Amino acid sequence: MHKTLSSKQLIINEALRLGFSDIGFSTVEHLAENEIHLKEWLDNGFHAGMSYMENHFEKRINPALLVEGSTTVVSVLLNYKPKLEQSDPEAPKLARYAYGKDYHFVIKDKLQLLFDYIKSDIYPDLEGRMFTDSAPVLDRAWAVNSGLGWIGKNTNLIHKKLGSFVLIGELIINMEIEPDTPIKEACGGCTRCIDACPTKALIGPYQLDSNKCISYLTIEHREEIPEEFKGKFENWAFGCDICQEACPWNWKARPTSENEFQPHPDLLQMTNDQWHNLDEDRFTELFRKSAVKRTKYKGLKRNLDFLKKK
């Protein structure tokens, strides 16, 4: 047992050295409670046009089916809260996670280094896979099971020190590691996030209807944005942080120290006019390594045009 605990601490130390903000461990199991909630969410059509959420249902709720022989989920968090914000208060806004380099690459690179370290220095028989918001894995559920936070009423993971401006990744591996203990939910009677949502996408505590969510409508939604949302986006052009800005757990959260998340030097200085006159070459230059590429120039231009509608 001592050897397992010692190995666990070595993994924790290496994860923090690599720049992860926190790390936790949980035992691979069938997520029975999450299965009920996910099925209800899908049955209600709250996943909107994200039909891929219906795929691989059994694997989503049981990673043993996704990664054969796995026994442990190693959950990692990476803080992305920026030091600086966009300077023009009239300019269209980006979700803060999209300021810098695409987090998929940043987290995957660090997870690969962590995996290689465990295999070479601790457990030579290591096998497994790494994930970050890119496969049928319930990232937030595993982070909760690993003691890294709780699910807030805005459906985001909330960490006691880091708030909710965190990205989640996992190693699902065949090494047995002592699991951590989940912590208690600490939102209390607060409903600031629900009250702040201008499109009423948060239809109740812990219930998000993606059909009304600004993040969904500006990124995943491929058609024209429905006219019913005209004037309700509060100038968000890619993603949305409104429910996070409203959350008291974020008010004193420290900014990230991850250099890869620093924005293009021109991005935060862009004026309202510069955003609305953005051409494709400038888009490519600004967002070459950014998550904003997901919506492509055509999608971002659609969003910017929608913001101009009165």
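Key figures
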quantity	calculated
In the range 21-75, the residues that are part of a helix (DSSP H, G or I), under 20 Å from the mean Cα position of the chain (by Cα) and exposed (fewer than 14 other Cβ atoms within 10 Å of the Cβ)	S51, Y52, E54
Of all residues making up the range 136-170, the number that are over 12 Å from the mean Cα position of the chain (by Cα), farther than 21 Å from E35 by Cα and crowded, with 18+ Cβ neighbours inside 10 Å	3
Inter-residue pairs, beta-carbon under 6 Å, first more than 13 Å from I225 (Cβ to Cβ) and among the hydroxyl-bearing types (S, T, Y) and in the range 293-310, second at pLDDT 95 or above and in a helix (DSSP H, G or I), 6+ apart	Y297/E280; Y297/F283
All positions within the range 104-135 that are closer than 24 Å to P182 by Cα, in contact (Cβ under 8 Å) with a residue 60 or more places away in the chain and surrounded by fewer than 18 Cβ atoms within 10 Å (Cβ to Cβ)	R129, A135
Among residues of the range 162-204, those that are among the charged types (D, E, K, R) and part of a loop (DSSP other than H, G, I, E, B), counted	6
Residue satisfying all of: in the range 102-150; under 19 Å from H56 (Cβ atoms) and of a type in the set (S, T, Y); modelled with the lowest pLDDT among these	S134
Residues satisfying the stated conditions in the range 188-234, i.e. under 19 Å from R294 (Cα atoms) and surrounded by fewer than 19 Cβ atoms within 10 Å (Cβ to Cβ)	N211, E220, R222, E223, E224, I225
Selected residue (only one of A95, A15 is over 18 Å from the mean Cα position of the chain (by Cα), modelled with pLDDT of 95 or more, surrounded by 15 or more Cβ atoms within 10 Å (Cβ to Cβ) and closer than 30 Å to L267 by Cβ)	A15
In the range 258-277, residue modelled with the lowest pLDDT [restricted to those that are polar (S, T, N, Q) and either surrounded by 14 or more Cβ atoms within 10 Å (Cβ to Cβ) or over 19 Å from K108 (Cβ atoms) (or both)]	Q262
Those residues of the range 238-254 which are over 18 Å from the mean Cα position of the chain (by Cα) and either assigned to a loop (DSSP other than H, G, I, E, B) or surrounded by 14 or more Cβ atoms within 10 Å (Cβ to Cβ) (or both), in sequence order	W251, K252
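The values are calculated or read from the model by the stated rules, or taken from the named source; none is laboratory data. Everything numeric here is computed off the predicted structure, so don't read it as measured data. Note that we place each Cβ from the backbone using ideal geometry, even for glycine, and neighbour counts take in every protein chain shown.
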